[in-house]
Amino acid sequence: MIQIKRLSSIDTGFHMALEKLLAFEDANDAAVDTTVTGILADIKKRGDEALLEYTRRFDRLDVASVAELEFPQNQLKQVLQRLPADQRNALEQAAGRVRAYHEKQLAQSWSYTEPDGTLLGQKITPLNRAGLYVPGGKASYPSSVLMNAIPAKVAGVGELIMVVPTPCGETNDLVLAAAAICEVDRVFAIGGAQAIGALAYGTSTVPRVDKIVGPGNAYVATAKRRVFGVVGIDMVAGPSEILVICDGNTDPDWIAMDLFSQAEHDELAQAILLSPDAAFIDAVAASIERQLETMPRKAVIRASLEDRGALIQVRDLDEACAIANRIAPEHLELSVERPEEWVEKIRHAGAIFLGRYTSEALGDYCAGPNHVLPTSRTARFSSPLGVYDFQKRSSLIQVSEQGAAKLGAVASILAHGEGLQAHAMSAEYRFMNRTDRQDS
């Protein structure tokens, strides 16, 4: 029998129990950090030579040059052409929806002119080059290609470089086909911390990028932390999370499977149900017990639910929303009547799924919004990956002669107050005549 935690918000010690449940120590393993630090330094120093050595060691691919690890564009197109029709159609439909959604995010430059002729504004420009890390081998996710590459392309990124490990030469047609659909510019069969290093520092063959996005294992996550500042990164994601708020009127089998959908990612994933209906919670618990045995990844699901999952009875839906804001989940399902009313009470969540028919899985693949979301309660201050992550903003300031006098006087006072005379004089020179400057 599965031992999933049952909590009640009216119990003494509930808040302490909830904090314990949510606690996730994302500290780097010292051995992982040491290994990654060494790999990055080696890639930075020896480039292609080091990259080949690590690829031989970790992916067991023995090639003479990094150029041999690049997939030609015609090969990507051939893979797309030979996909079964249903898989190709699904990829293309998902890509179309993701593209249509992200086109709404595209920011435009703007400016305004004040009465004295001073112009202020903001110039939007895309990144020159972005790197996309995609897990490879047995853990292959074509959806990750779509969710990371499409917003970059919509933003107008000049060149998109994708890296995907192919241990023992094992490739995934869906991943390569997704790269073709997204028109990724270059794809390399490299992975791990060494791939992150190659993207961050550049080698003779792999170009240096401006930003690295995409999920990976502990070595990849640690490497992304290490190179941040040399390049930008999207985020360092923790385990997958789902929080379901249900009023008790949704099919309990649906809710149980929604919890499974995140629990099956890995043993550290977190799946939580909040409901005011005790009988419904019992029904979901029974469904979990019954359906678990049918799941191919039942061992992973069991470990996740027993270690980090919970079924929580709350006083009412208002309290459920308050607890949800405290949790700040990656995925939040509002499986309730009139979800459009309850969503107004939600302040912190990566993605919000409204209504009984909106399963979180649709967001993972094809609804349209991005599935790269803040985890580990970072939705309190972070947002989903989007087009804006691949655009930069530059301020525009063009001061007129009249504006220089008005603004210069203000700047002068403030600069003198800070003890920065050159700042003050730089502003004053624009509105004081030469005689005044000499007298002063």
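Before we move on, is Arg46 under 25 Å from Met162 (Cα atoms), without any contact (Cβ under 8 Å) to a residue 12 or more places away in the chain, loosely packed, with under 15 Cβ neighbours inside 10 Å and in contact with an Asp or Glu (Cβ under 9 Å, 6 or more places away or on another chain)? In short, yes. Only a single criterion out of (1) assigned to a loop (DSSP other than H, G, I, E, B); (2) under 30 Å from Asn249 (Cβ atoms) is not satisfied by Glu333, namely (1).
When Gln81, Gln87, Gln108, Gln75 are checked against the criterion of being without any contact (Cβ under 8 Å) to a residue 60 or more places away in the chain and either within 26 Å of Ile161 (Cβ to Cβ) or in a strand (DSSP E or B) (or both), a single residue qualifies: Gln81.
The rows are residues; the columns are (1) outside the structural domain of Ile327 (by TED's automatic domain parsing); (2) within 21 Å of the chain's Cα centre (by Cα); (3) in a helix (DSSP H, G or I).
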| residue | (1), (2), (3) |
| --- | --- |
| Ala221 | yes, yes, yes |
| Ile245 | no, no, no |
| Asp253 | no, no, yes |
| Ala271 | no, yes, no |
| Ala279 | no, no, yes |
| Asp282 | no, no, yes |
| Ala285 | no, no, yes |
| Met295 | no, no, no |
| Ala299 | no, no, yes |
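If you go through segment 265-313 and keep only what is hydroxyl-bearing (Ser, Thr, Tyr) and surrounded by fewer than 18 Cβ atoms within 10 Å (Cβ to Cβ), you end up with just Thr294. Has segment 65-75 got any residue that is closer than 24 Å to Ser383 by Cα and more than 18 Å from the chain's Cα centre (by Cα)? Looking through segment 65-75, none of the residues is closer than 24 Å to Ser383 by Cα and more than 18 Å from the chain's Cα centre (by Cα).
For Asp116, the stated conditions hold: it is modelled with pLDDT of 95 or more and in a loop (DSSP other than H, G, I, E, B).
Here's the yes/no breakdown for (1) in contact with a Ser or Thr (Cβ under 6 Å, 6 or more places away or on another chain); (2) surrounded by fewer than 12 Cβ atoms within 10 Å (Cβ to Cβ); (3) of a type in the set (S, T, N, Q); (4) modelled with pLDDT of 95 or more:
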| position | (1), (2), (3), (4) |
| --- | --- |
| Ile2 | no, no, no, no |
| Met16 | no, yes, no, yes |
| Leu21 | no, no, no, yes |
| Ala30 | no, yes, no, no |
| Val36 | yes, no, no, yes |
| Leu52 | no, no, no, yes |
| Thr55 | no, no, yes, yes |
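If a residue has to be more than 18 Å from the chain's Cα centre (by Cα) and not in a helix (DSSP H, G or I) to count, how many in segment 160-180 make the cut? Total satisfying the criteria: 5. If the condition is being assigned to a loop (DSSP other than H, G, I, E, B) and of a type in the set (A, V, I, L, M), then segment 366-393 contributes Ala367, Val372, Leu373, Leu385.
The values are calculated or read from the model by the stated rules, or taken from the named source; none is laboratory data. Model, not experiment: these values are computed from the prediction. We place every Cβ from the backbone using ideal geometry, glycine too, and count neighbours over all the protein chains shown.
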